[in-house]
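Here the structure is laid out as structure tokens; the discussion comes afterwards.
The values are calculated or read from the model by the stated rules, or taken from the named source; none is laboratory data. This structure is a prediction, so every number in the text was calculated from the model and none was measured. Note: ideal-geometry Cβ built from the backbone for every residue, glycine included; neighbour counts use all protein chains shown. The protein model used for the area step is the full one, side chains on, heavy atoms only, and it has no ligands, DNA or RNA in it. Shrake-Rupley method; radii C 1.70, N 1.55, O 1.52, S 1.80 Å.
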Amino acid sequence: EKKITIAIDGFSSTGKSTVAKGLAKKLGYVYVDTGAMYRAVTLYMMRKLFVSNTNLNEEAIVRHLPFIGLKFIFSEEAGFGEMYLNDERVEKEIRYMEVSEQVSKVAAIPQVRKKLVEQQQEMGKEKGVVMDGRDIGTVVFPDAELKIFMTASTEKRAQRRYDELRERGDEVAYDAVLKNVKDRDFMDSTREDSPLIKADDAVEFDNSELNLEEQFDKILKIVEDRI
Ligand code: C5P
């Protein structure tokens, strides 16, 4: 059986990572969460440079980039690679709302993207990888054998993210989550460098009305056609 590259892109909280993790497990592939990488860079900059709504010094961010080491370390318990920032496990910290609110601004900086895209290409060069993000099918792996573009209504997505955060004990308000989802969609799809767009050859997949099992069955059928 030949190994392929699977690129999953789409707006925030469309359930990309759930599908990607499930696929990776089923196929014995490596799963790479590229959003976690942009989030880890953002966390580093928030700690070092106090990046906030009113403070974003692009030049300083670029100067600090060489000091960032990112690694995924496989966790037996989680069943996937967890994000490490300079040898600190940051899997939890990078999902905080504070980070979600700054990440799209940091991710719009071309030098940040260049560094992370290079690492992502390196991680996927042997194929047998499922990678999710915003520019995987367009920029990171334009030759991926399978590209999926996930969509779902804004309200459905905000509700899912809200439930997820609440489940983790994060005391967020639904309105704040909805606003964040909308803001990120806007910034991610209007930025100049690698904006979020559907690749011409991507399969569009709307999961607004599908439960997890239904989604997975449908996607697995698409995958089996390509392998
Ligand atoms: O996937 P996730 O929602 O965790 O990604 C967080 C943010 O990282 C996105 O809103 C986007 O700004 C940025 N991102 C990106 N390119 C990717 C993955 C994520 O710009 N490939």
Relative contact order of the chain (C-alpha contacts under 8 Å, at least 6 apart) in percent is 33 percent
Among K92/K221; K16/K125; K48/K147, the pairs whose Cα-Cα distance exceeds 28 Å are K92/K221; K48/K147
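About its Cα centre, how strong a charge dipole does region 98-152 have in debye, to the nearest 20, once Lys and Arg get +1 and Asp and Glu get -1 at the Cβ?
Using only the charged Cβ atoms, the result is roughly 160 debye.
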Where in the chain are the DSSP H helices whose C-alpha atoms run 15 Å or more along the long axis and whose mean Kyte hydropathy is at least -0.5? 16-27, 34-49
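Given +1 on the Cβ of Lys and Arg, -1 on the Cβ of Asp and Glu, and no further charges, what dipole in debye does region 48-100 carry about its Cα centre, rounded to the nearest 20?
Using Cβ point charges on Lys, Arg, Asp and Glu, region 48-100 gives about 160 debye.
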Under the Karplus relation 6.51 cos²θ - 1.76 cosθ + 1.60, θ = phi - 60°, what is the ordered set of whole-Hz ³J(HN,Hα) values for region 3-10, x standing for Gly and Pro? 8, 10, 9, 10, 9, 10, 10, x
What is region 20-84 by shape, rounded, prolate or oblate, if you read a ≥ b ≥ c off the alpha carbon gyration tensor as root eigenvalues and call it rounded for a/c under 1.5, prolate for a/b larger than b/c, and oblate otherwise? prolate
Using modelled backbone amide H atoms (1.01 Å from N, in-plane), which distant-in-sequence or interchain residues come within less than 5 Å of V32's amide H? V130, M131, D132
Rounded to whole Å², per residue accessible area for the chain with a 1.4 Å probe reads 51 Å²
Report, in debye and to the nearest 20, how large the dipole of the chain comes out about its Cα centre when Lys and Arg carry +1 and Asp and Glu carry -1 on their Cβ. 400 debye
Enumerate the amide H contacts of F205 below 5 Å, restricted to partners 5 or more residues apart or on another chain; note that Pro and chain-start residues carry no placed amide H. F149, M150, T151
Would you mind checking which residues have amide H under 5 Å from L146's amide H? H placed 1.01 Å from N; only 5 or more apart, or other chain. T5, A7
Ordered by residue, what ³J(HN,Hα) values in Hz, to whole numbers, does region 80-86 give under the Karplus form 6.51 cos²θ - 1.76 cosθ + 1.60, where θ = phi - 60° and Gly and Pro are x? 8, x, 9, 7, 10, 10, 6
